[in-house]
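The values are calculated or read from the model by the stated rules, or taken from the named source; none is laboratory data. Since the model is a prediction, treat every value here as computed from it, not as a measurement. A quick note on method: Cβ atoms are made from the backbone with ideal geometry, for glycine too, and the neighbour counts reach across all protein chains shown. What goes into the accessible areas is simple: the full protein's heavy atoms, side chains included, and nothing from ligands, DNA or RNA. Shrake-Rupley method; radii C 1.70, N 1.55, O 1.52, S 1.80 Å.
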Amino acid sequence: LRPPIPAPQSLTFPLPSSHSYRGLTLVLTFLSYTSYHLSRKPISIVKSQLHPNCSALGPNPHNDSNSTTWCSWAPFDGDNYKELFGALDNAFLVAYAIGMFISGIFGERLPLRYYLSGGMVLSGLFTSLFGLGYFWDIHVLWYFIIVQVCNGLVQTTGWPAVVACVGNWFGKGKRGLIMGIWNSHTSVGNILGSLIAGVWVSSAWGLSFVVPGIIITAVGIICFFFLVEYPEDVDCNPPLHHVMTTSEKDPEAVTSNEGPLSLSGQSSVDHHSNSPKEPAEQPEAISFLGALRIPGVVEFSLCLLFAKLVSYTFLYWLPLYIVNVAHFGAKEAGDLSTLFDVGGILGGIFAGLISDYTGGRATTCCVMLVVAAPMLFLYNHVGQNGIGTSIAMLIVCGALVNGPYALITTAVSADLGTHESLKGNAKALSTVTAIIDGTGSIGAALGPLLAGLISPTGWNNVFYMLIAADVLACLLLARVVVKEARGWCGPMARQRGYVVT
């Protein structure tokens, strides 16, 4: 009798592992949001070219007059150009803030891949339309305002979608560190946006928008074909989002309505192995009010409002501040402003690492905000004393300002969107993320607006406003910080390493 012939191994192809899909998800979502911020940054670089110092270029070659605005781009050639720049910023940011609250609701109910890809293609279209105003010789303010409003609305598709995708694939373990590194896409996008816009800002500023528009469209098409939304879609088990789900394992974990958000990776396996696809198939999307009732959502949302106010003021006004105070050219100021984003990368990673190690998301944010306030004061007063001092202060301020902002919009949002009070419902991630970031976007709209109104009275007053916002952001987390401290003080909490938020 012949022995049975084994199946030829060469004809079987192993499917990609869950690790491969996690890596692919990180890369694609990283590139996606990098391109979102890449397309937002050019406006801050181009501002100095829309209203440059024409007197430095000599007399008007057309009529030999000594007008100081002959080289400016109408309608930004008047004395109210700062207010008009503020209007441009707020057209985008107010639309973004309003749209974000709606976007999360749609994100929970539509396929994330279609939602994200469609939003990126539309963002590329409206970004390019702003730059085409240069080539079409458009000098009507309302054209630029309408384009900014439309762009702000469609860009709300990005953040809830990418955080939901990452949250679907990654559990608690090292979420702070992973998302801290992953969140560098914000700063990388700002840096690339500044460098790309700087290439054409002095020659043909329209290309500073058209090229980023093409890039975000191309990345959106790539995501449409390759992004995987849920582990269950490719027969992978979903991750564990919290440590213990039953009162038998931890009676104290359910004594509070604000259960623990453990950051330990040493969690025991719960009952997901019996029906791994159940969370993705049965639960309904959470309501807006239901998301607000998740412990910590309101506090972190309001904190982000003021933290994002500071961050976006720097995003939109830092190059112009450097031009006015340090007297650099438009390209040099844009290049120097990227150091703030370099600091933001370091701050996001540092905040995620520390919060993972200590188990204190709110405490980490609070400490960084407290230290940021005096650093902003020092940067305004001594930051322009020399190129070395300016570089160092920009990196330090970027780390302290963007660290809490990065931590709240990534790890904290994912923690709250997969809070154990949801009982495994993964359909809250997008809504919770949209609420937190939408509230923060109100601050993002207020910051540049206030900067535009206050800057004519002096840059010192702008920095006083930013320092006050940092202090308020810290105070709003006081209740959560106290609860984290109580969690550390309890012997059982210290042994398990969880924090009540």
Once you charge only the Cβ atoms, +1 for Lys and Arg and -1 for Asp and Glu, what is the size of the charge dipole of region 335-475 about its Cα centre, to the nearest 20 debye? 180 debye
Stokes-Einstein D for region 313-384 (20 °C, 1.002 mPa s, Kirkwood Rh from Cα pairs), in µm²/s, comes to 156 µm²/s
What FRET efficiency, computed as 1/(1 + (r/R0)^6) with R0 = 51 Å and r the Cβ-Cβ distance, is obtained for Leu24 and Asp79, rounded to the nearest 0.05? 0.45
How much length, in nm to one decimal, is gained on full extension between Val471 and His327, taken as 0.36 nm per residue of separation minus their Cα-Cα distance? 48.8 nm
Which ³J(HN,Hα) values in Hz, rounded to whole numbers, follow from the phi angles of region 443-458 under the Karplus curve 6.51 cos²θ - 1.76 cosθ + 1.60, where θ = phi - 60° and Gly and Pro get x? x, 5, 6, 5, x, x, 5, 5, 4, x, 7, 8, 4, x, 8, x
Hey, for a label at Leu292 modelled as a point 7 Å past Cα toward Cβ, could you say which residues of region 98-141 have their backbone N under 12 Å away? none
Multiplying the sequence separation of Tyr464 and Ser17 by 0.36 nm and subtracting their Cα-Cα distance, what value in nm do you get? 155.8 nm
Which whole-number percent of Cα pairs in region 295-453 have a distance greater than 18 Å? 60 percent
Region 406-411 - phi-based ³J(HN,Hα) in whole Hz, Karplus 6.51/-1.76/1.60, Gly and Pro as x: 5, 5, 5, 6, 10, 4
Kirkwood estimate for region 97-174, i.e. one over the average of 1/r between Cα atoms, Å: 13.9 Å
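In what sequence, largest accessible area first, do Thr29, Thr217 appear using a 1.4 Å probe? Write out the running numbers ahead of the final one.
Working: Thr29 0, Thr217 35 Å².
Sorted by accessible area, descending: Thr217, Thr29.
For the pair Asp137 and Ala485, what calculated FRET efficiency results from E = 1/(1 + (r/R0)^6), where r is the Cβ-Cβ distance and R0 = 51 Å, to the nearest 0.05?
Details: r = 61 Å, r/R0 = 1.19.
Using R0 = 51 Å, I get an efficiency of 0.25.
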Phe377 and Leu110 label points (each 7 Å along its Cα→Cβ direction) are spaced in nm at 4.7 nm
Between Leu125 and Asn385, with labels modelled 7 Å along Cα→Cβ, what's the label distance in nm to one decimal, could you check? 5.3 nm
What is the distance, in nm, between label points placed 7 Å from the Cα along the Cα-to-Cβ direction at Ala218 and at Leu453? 4.2 nm
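How large, in percent, is the carbon and sulfur part of the accessible surface of region 118-192 at a probe radius of 1.4 Å? Before the final figure, lay out the partial values.
Values: 1860 of 2310 Å².
The computed percentage sits at 80.
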